[in-house]
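Derivation of every value follows stated rules applied to the coordinates shown; laboratory data play no part. Here the structure is a predicted model, which is why all the values come from computation and not from measurement. Heads up, the Cβs are rebuilt from the backbone with ideal geometry, glycines too, and the neighbour counts pull from every protein chain shown.
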Amino acid sequence: MKKGLVYGIISAFVALSIYSCERDDICAEAIVTTPKLVIEFFDANNPGNSKNVNSLLVREIENDTAILFNSTSTIAIPLKTDAIETKYIFNINSQSESGGLIDTLNFSYATVETYLNRACGFKADFIDFRARKENIEHDEINWIRDIQVRETTIDNESETHLYLFY
């Protein structure tokens, strides 16, 4: 009788353990979440040729976080999902003795949120995307010469959204 009771308790414990387990809530890498803004740099004197940026420090103004890019012609940076604009300072040759050249870009947009699933939560897409340089009155000392918005809807990272010419 005691043996049966012990087996019964162990069986009940194992059954409850198995049935009470929840699947892991991990967002699969294959699921497309909130995309970053993809920017490609071009030679202003030869607009058909992409051009690498060296020691490009990109810093969001309000959050004061910075990302350093070295020898690349394409970068991806996040946009705020809880605001209608994000401002970044672009500092090329930031590690030179002079501190490099600085331009400030303002990105404005509207967001559309989509629920993906319990593990991934919500995804934000950006629509009506616009970009403009600030401090245009000092354009002769700025390094970015032209801006071209290529995509006004940002819903993935597989295409370039913005071209910068310098």
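Scoring 45-54, 152-161 by mean Cβ neighbours within 10 Å over their residues and listing the highest first yields 152-161, 45-54.
Counting charges near Ser94 (Lys, Arg +1; Asp, Glu -1) among other residues having Cβ under 13 Å from its Cβ returns a value of -1.
Here region 27-165 is described by how far its Cα atoms reach on the three principal axes: 49, 31, 26 Å, from widest to narrowest.
The stretch between Ser50 and Ile67, if pulled fully straight at 0.36 nm per residue, gains 4.1 nm over its current Cα-Cα span.
Using 0.36 nm per residue and subtracting the Cα-Cα separation, the extra length available between Asp82 and Asp128 on full extension is 15.0 nm. For trypsin sites (Lys or Arg not before Pro), the sites in region 112-166 that DSSP calls loop and that have at most 10 other Cβ atoms within 10 Å are Arg118. A Förster distance of 22 Å, applied to the separation of the beta-carbon atoms of Gln148 and Thr33, puts the FRET efficiency at 0.25.
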